[in-house]
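Taking it in order: structure first as structure tokens, then the write-up.
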Amino acid sequence: MEASDRTRGIDQMEQGVIPQESQESAESLPASLGRALPTLPVDQRSMAAEPPSRQPAGHSCASCTRDEAAYERPGSRGGITPPYVYALGRIEARFPSLAIEKELAQATGRAETASLTDRQALGTVLSDPQNRYLSRQLCYVLSVQGLETYILQPRDPADFELLIEILGSPPKPSDLHVVIGLRGPVAPPELCNGLMLPMVAFDQIYAFTTDSLVRALPKPAHIEEQPFVSASEEMLQRLTQLTDNAGATDEHRALNYLAVRYPAIYAKSAEAFATGSSLTAIETRPSRLSGVRRILDVNFSYTSRQTDVTEKFFVRVDVTEEFPFLVTKLSPYYDR
């Protein structure tokens with residue numbers, strides 16, 4: 001190329017004009033190299049920038065969340081015991097903030113609450129459809145053996161009705177509330193006016209008194225009424241006042257289930273007391289039948305006051321899922 005040609009080519013490039021020779025070179029490139037790369041969306045570019053996964057071949061992404069899903073699926077086999085709760089205690093309401101307390105006071109002032117106790121007035125106000133928003137704002141606390149243990153939240157918003165019914169009934173020292181649900185994390189301070197307790201999303205609540213439970217038990221024909229009532233009350237007290245029975249472990253869930261759903265243990269205690277025996281031990285241990293499911297043996301020991309001979313009886317309870325159920329009825333137990 002002559003000097004004048006080189007000078008002319010440089011001038012054309014400075015003016016943005018591609019020389020003929022360069023255009024021919026670009027047109028001669030293969031099509032796969034001459035096309036511009038497509039623009040990736042933001043999420044695809046970020047994925048492209050990430051290093052390749054080090055998971056072994058055949059690894060399923062679904063198994064990465066298996067532990068978290070175990071808390072949601074009843075009876076999950078993911079290796080983590082779902083934090084089910086089957087607790088006995090008493091439910092009370094708390095004000096999460098001063099604003100909610102004042103709002104409820106204004107609603108109570110507009111309602112007809114003459115001749116009602118404070119609890120009855122609260123139930124009357126909350127049961128009014130115009131005040132249902134207040135029932136969703138209150139904080140509900142379950143106390144076990146007088147200690148505040150859980151903050152309750154319904155899994156179904158329609159179950160606020162169960163809490164309203166409990167709050168509206170006149171309080172009695174013998175009130176007993178059964179809460180069945182799923183335990184969650186500790187509540188933040190702002191949820192219940194600084195009260196930091198584990199939260200329980202409940203599916204069912206039963207409310208009754210100790211007297212009504214004992215009266216509903218079927219009495220054996222050969223036992224008098226009063227001895228049976230006394231024996232049943234003592235058995236219920238023994239079961240509910242075991243150390244640290246918050247209804248969160250499999251053992252305590254099994255005991256609480258038997259206390260409110262299996263009348264045979266009350267009849268056996270009444271028979272033992274009638275023959276001069278004492279209830280000396282209540283033990284819970286994993287059953288030999290446990291495999292895929294979690295089954296517990298609950299043993300009751302009765303010792304004669306005269307001969308010091310101990311008789312044992314056991315019942316099997318399946319606690320794999322949220323709602324325990326009976327596997328084996330009350331039967332004699334023999335040590336091996």
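Restricting to the stretch 211-230, and then to whatever is in a helix (DSSP H, G or I) and of a type in the set (Val, Ile, Thr), can you tell me which residue is farthest from the chain's Cα centre (by Cα)?
Residue satisfying both the conditions and the ranking: Val229.
Among the residues of the stretch 164-193, write down those that are over 19 Å from Arg90 (Cα atoms) and among the polar types (S, T, N, Q).
Within the stretch 164-193, just Asn193 meets the criteria.
Tell me whether the stretch 226-248 contains one or more residues that are farther than 21 Å from Tyr302 by Cβ and touching a Phe, Trp or Tyr at 6+ places or on another chain (Cβ under 6 Å).
yes
Looking at the stretch 258-292 only, could you name the residues that are among the acidic types (Asp, Glu) and surrounded by 15 or more Cβ atoms within 10 Å (Cβ to Cβ)?
Across the stretch 258-292, the qualifying residue is only Glu271.
Here are Arg253, Arg238, Arg288, Arg293: which of them is under 26 Å from Glu321 (Cβ atoms), assigned to a helix (DSSP H, G or I) and either within 29 Å of the chain's Cα centre (by Cα) or among the small types (Gly, Ala, Ser) (or both)?
Criteria check complete, one pass: Arg253.
Can you run down the residue pairs with Cβ atoms below 6 Å, 6 or more apart or on separate chains, where the first is in the stretch 150-162 and free of Cβ contacts under 8 Å to residues at least 60 places away in the same chain and the partner is part of a helix (DSSP H, G or I)?
Pro154/Phe160; Phe160/Ser135
Which of the residues that make up the stretch 307-334 are within 13 Å of Ser287 (Cα to Cα), free of Cβ contacts under 8 Å to residues at least 40 places away in the same chain and of a type outside the set (A, V, I, L, M, F, W, C)?
Arg316, Asp318, Thr328, Tyr333
Bear in mind that the values in this text are calculations on the coordinates, not laboratory data. All figures in this text were calculated on a predicted structure; none of them were measured in a lab. Glycine also receives a Cβ, built like all others from the backbone with ideal geometry; neighbour counts cover every protein chain displayed.
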